[in-house]
1. For residues that are among the small types (Gly, Ala, Ser) and in a strand (DSSP E or B), scanning just region 111-131, find the one that is surrounded by the fewest Cβ atoms within 10 Å (Cβ to Cβ).
2. With the requirement that a residue be of a type in the set (A, V, I, L, M), under 25 Å from Lys163 (Cβ atoms) and surrounded by fewer than 17 Cβ atoms within 10 Å (Cβ to Cβ), what does region 38-64 give you?
3. Which one of these is in contact with a His (Cβ under 9 Å, 6 or more places away or on another chain), within 22 Å of Asp212 (Cα to Cα) and outside any loop (DSSP other than H, G, I, E, B): Asn174, Asn134, Asn169?
4. Can you name every residue in region 71-110 that is assigned to a loop (DSSP other than H, G, I, E, B) and either at positive phi or modelled with pLDDT of 90 or more (or both)?
5. Going by what's in this entry, would Asp149 be described as in contact with a Lys or Arg (Cβ under 9 Å, 6 or more places away or on another chain) and touching a residue at least 40 places away in the same chain (Cβ under 8 Å)?
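The values are calculated or read from the model by the stated rules, or taken from the named source; none is laboratory data. These numbers come from a predicted model, not from an experiment. In this analysis, Cβ positions are derived from the backbone assuming ideal geometry, glycine residues included, and neighbour counts consider all displayed protein chains.
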Amino acid sequence: MKKLLIILLFLPMYGLGQDQKNIIKIKPTSLLLGDFSLSLEREIINRHSITVGIPLYFKRDIAKMTLVKLLSPSLLPNASKSDIDDILDDAEGIGYFGGYGFVLKYKFYLNMNAEALTGFYISPEYYFRKFNINIDASISDLEDIYYNDNSPLNLPQNNYELKGDIRFNTISFNFGHQWIRDWFSIDTHIGLAHFSLNYDFEEESGSYENDDDDSELIWLPRIGLNIGFAL
């Protein structure tokens with residue numbers, strides 16, 4: 001029994017001295033949004049691998065975020081492009097957004113005769129993300145936005161502050177395929193994910209104060225794409 005426990009404890013290290021494949025991966029969709037998601041997949045035994053990842057959401061000005069710029073036309077349907085640009089320019093320096101995450105994934109490859117870490121696979125995955133939001137706007141900042149055409153704000157009477165965080169715990173069950181040519185790899189998958197959303201905000205404007213702490217659970221489909229460097 002003791003021997004079995006020792007084998008299991010050192011199983012993830014099996015292959016450190018062997019000619020096993022490792023793949024360092026990045027998520028291109030995250031790069032488009034200004035984030036950086038880096039992960040390492042390592043074969044532990046034949047047809048089995050473990051992936052560990054650390055997504056980083058660097059602190060940035062909310063008004064300059066690519067996602068905010070993409071969503072602004074739908075949030076302000078009556079505003080022209082120049083109006084939206086003016087509103088976002090006036091909103092610079094008011095709020096900041098950042099965060100971090102952790103990914104742990106196990107893969108079982110279905111093809112017995114395929115090259116290591118290639119072919120179709122099934123994979124349970126755990127994904128944790130935490131985002132921090134901090135908004136600190138003076139009356140003058142808000143008035144600059146208010147006096148823009150088609151502004152979403154009412155005439156401000158007080159400074160506005162909001163601090164809080166949003167946490168995602170995601171468990172997904174995926175079916176995917178990984179392709180490797182020389183050093184280059186492409187990993188795609190589809191699956192079903194259970195999202196657990198928790199948020200905690202403190203909001204203040206003049207004498208108004210509000211603490212909002214809640215959670216939501218939801219099942220959603222999930223797709224993914226990673227490109228990597230096989231070592």
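1. By that ranking, first place goes to Gly119.
2. Ile54, Leu56
3. Every option except Asn169 fails the conditions.
4. Glu92, Gly93, Ile94, Leu110
5. no
Rundown of residues vs (1) closer than 30 Å to Ile227 by Cβ; (2) charged (D, E, K, R), yes/no style:
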residue: Asp89; (1), (2): no, yes
residue: Lys107; (1), (2): yes, yes
residue: Asp144; (1), (2): no, yes
residue: Ser151; (1), (2): no, no
residue: Gln157; (1), (2): no, no
residue: Trp179; (1), (2): yes, no
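Residue by residue, here is whether (1) hydrophobic (A, V, I, L, M, F, W, C); (2) modelled with pLDDT under 95 holds:
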residue: Asp136; (1), (2): no, no
residue: Tyr147; (1), (2): no, yes
residue: Asn169; (1), (2): no, no
residue: Asp182; (1), (2): no, yes
residue: Ile186; (1), (2): yes, no
residue: Ala193; (1), (2): yes, no
residue: Asp211; (1), (2): no, yes
